[in-house]
Amino acid sequence: MGLYGMMRTSVSGMAAQANRLGAISDNVANSATPGYKDSEIQFSTLVLQGGGQDYASGNVESQTRRHVSQQGSLSYTTSATDLAIKGDGFFVVEGNNGQTFLTRAGSFQRDGTGNLVNSAGFKLMGYDARTGSNNGVSNGTAGLTAVNFGGFASLQANATSSGKMYVNFPSTATVIAGSDLPSTNSATATYTGKSSLVVYDSLGNQVTLDIYSAKSADGTWEVSVYNRADADSTSGGFPYSSPALTTQTLNFDANGQFSSGSATSLTVAVPNGSNMTIDLSQSTQLSSSYTVFSATANGNAPSEVDHIDIDNTGEIYAIFKNGERVLAYNIPLAKVPSPDNLTPATGNVYSISSTSGDILVGTPNKGGFGSLVSGALEQSTVDLGSELTSMIESQRNYTANSKVFQTGSELIDVLINLKR
């Protein structure tokens, strides 16, 4: 190959070192970019076959290696929507053109339309938990939608749909005659125990339910529910201006537990609301006083979102100013068998390639996926000290290759001058 071969080899060396310097400059420029994964250039030889005793100088090839799978350190912030991943996985995000990407850059904030977008403008994708179901698939992004809190901007009220009330009904209580049971709604009606439960109608108005319990026979209790707004203005109770919203008979066995076939709940039609179910399943009939040891109901009065809370399994809750906590979205993570072979794109995102393997979508902190850390960002994996050292090496190597090229050029000049 001679002198021309030597010059071509030195040119390939300069090109390879230029690639390395390009990767180094990219790394240094992104040393403060959250979620950025550093790249390096690796070299390999390209050997040409020579003939006889002639040496055929070859070339050097450069390949880019991206350390996408490397974990960066976490830096904690004051924003709950700043998200980092500790372990394997990527956020699934969507660009303005609707294309889906993967990223570790989790600096999400609400934009003007309520979407959670990161600093590059990519929208965070998740499953809408308000639909009550997860329609996602493990091997793709079907069922994902942009995480949007625009619909939570206005006041929201939720009608009560369920509640619970666990009571001990005293086994030693006196049996009340049928004509005086609470269900008769007479002025002489009496009862063994009374409790009240605050629920909400469809407009968020408070409705107070008066719940009366009366022993109608040994091991048998009658529970009647009235709307307190209908109570007699003088007595504050019976007779109510409207009949009971519901009446249920409960039966207990000799051990003080619900007997087989007994009802264990109440279904109440909340005025101006919807039907709600009050769970009584943990109630007992024991030799003790009438005691309510648990009483709760869902639903809330009109309120607006105060802030967002995100746990390590990807569940995003809207926290209302009245304290109501509503599950809004489930955030999945995605991973591939070979993350270092993902194809990078502008905005610190990646797309699936032929060598990265197929995508797998799952729940954070389960099944080998990393956990989410709210209020934190994953830092760049760039080590500035190492990059600057590599820059000096590449500079010297580039200069050395240029000297080889210069020597070859000078020798060719000598050869040409022989003709003169």
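Going by what's in this entry, would Ser31 be described as under 41 Å from the mean Cα position of the chain (by Cα), surrounded by fewer than 18 Cβ atoms within 10 Å (Cβ to Cβ) and part of a loop (DSSP other than H, G, I, E, B)?
The answer is yes for Ser31.
Which condition does Asp340 not pass, out of (1) over 21 Å from Val68 (Cβ atoms); (2) in a helix (DSSP H, G or I); (3) outside the structural domain of Gln17 (by TED's automatic domain parsing), if it passes all the others?
(1)
Taking Met391 and the conditions (1) surrounded by 14 or more Cβ atoms within 10 Å (Cβ to Cβ); (2) within 30 Å of the chain's Cα centre (by Cα); (3) not small (Gly, Ala, Ser), which numbered condition does it fall short on, given that it satisfies the others?
So the condition that Met391 fails would be (2).
Of the residues Asp38, Asp82, which is of a type in the set (Asp, Glu), buried (at least 16 other Cβ atoms within 10 Å of the Cβ) and within 30 Å of Thr145 (Cβ to Cβ)?
Asp82
For Gly357, are the conditions met, namely being out of contact with any Phe, Trp or Tyr (no Cβ under 6 Å at 6 or more places or on another chain) and at pLDDT below 90?
For Gly357, the condition - out of contact with any Phe, Trp or Tyr (no Cβ under 6 Å at 6 or more places or on another chain) and at pLDDT below 90 - is not met.
Out of (1) outside the structural domain of Ala142 (by TED's automatic domain parsing); (2) touching a Pro at 6+ places or on another chain (Cβ under 8 Å); (3) not in a loop (DSSP other than H, G, I, E, B), what's the single condition that is false for Ser294?
Unmet for Ser294, out of (1) outside the structural domain of Ala142 (by TED's automatic domain parsing); (2) touching a Pro at 6+ places or on another chain (Cβ under 8 Å); (3) not in a loop (DSSP other than H, G, I, E, B): (2).
So Leu333 clears everything in (1) assigned by TED's automatic domain parsing to the domain that holds Leu144; (2) farther than 21 Å from Arg110 by Cα; (3) surrounded by 14 or more Cβ atoms within 10 Å (Cβ to Cβ) except one condition, right? Which one?
The one condition Leu333 does not meet is (2).
Which numbered condition trips up Ser356, out of (1) of a type outside the set (A, V, I, L, M, F, W, C); (2) surrounded by fewer than 19 Cβ atoms within 10 Å (Cβ to Cβ); (3) within 27 Å of Asn97 (Cα to Cα); (4) more than 23 Å from the chain's Cα centre (by Cα)?
The one condition Ser356 does not meet is (2).
Kindly state which strands (runs of 3 or more DSSP E) lie completely within the range 131-240 and contain at least 2 residues that are in contact with a Pro (Cβ under 9 Å, 6 or more places away or on another chain).
Here the list reads 156-158, 193-200, 206-217, 220-227.
What number of residues within the range 365-387 satisfy the criterion of being part of a helix (DSSP H, G or I) and either free of Cβ contacts under 8 Å to residues at least 12 places away in the same chain or of a type in the set (Val, Ile, Thr) (or both)?
The qualifying residues number 2.
The values are calculated or read from the model by the stated rules, or taken from the named source; none is laboratory data. The structure displayed is predicted, hence computed values, not measured ones. Methodologically, a virtual Cβ is constructed for each residue, glycine included, from the backbone with ideal geometry; neighbour enumeration extends over all protein chains shown.
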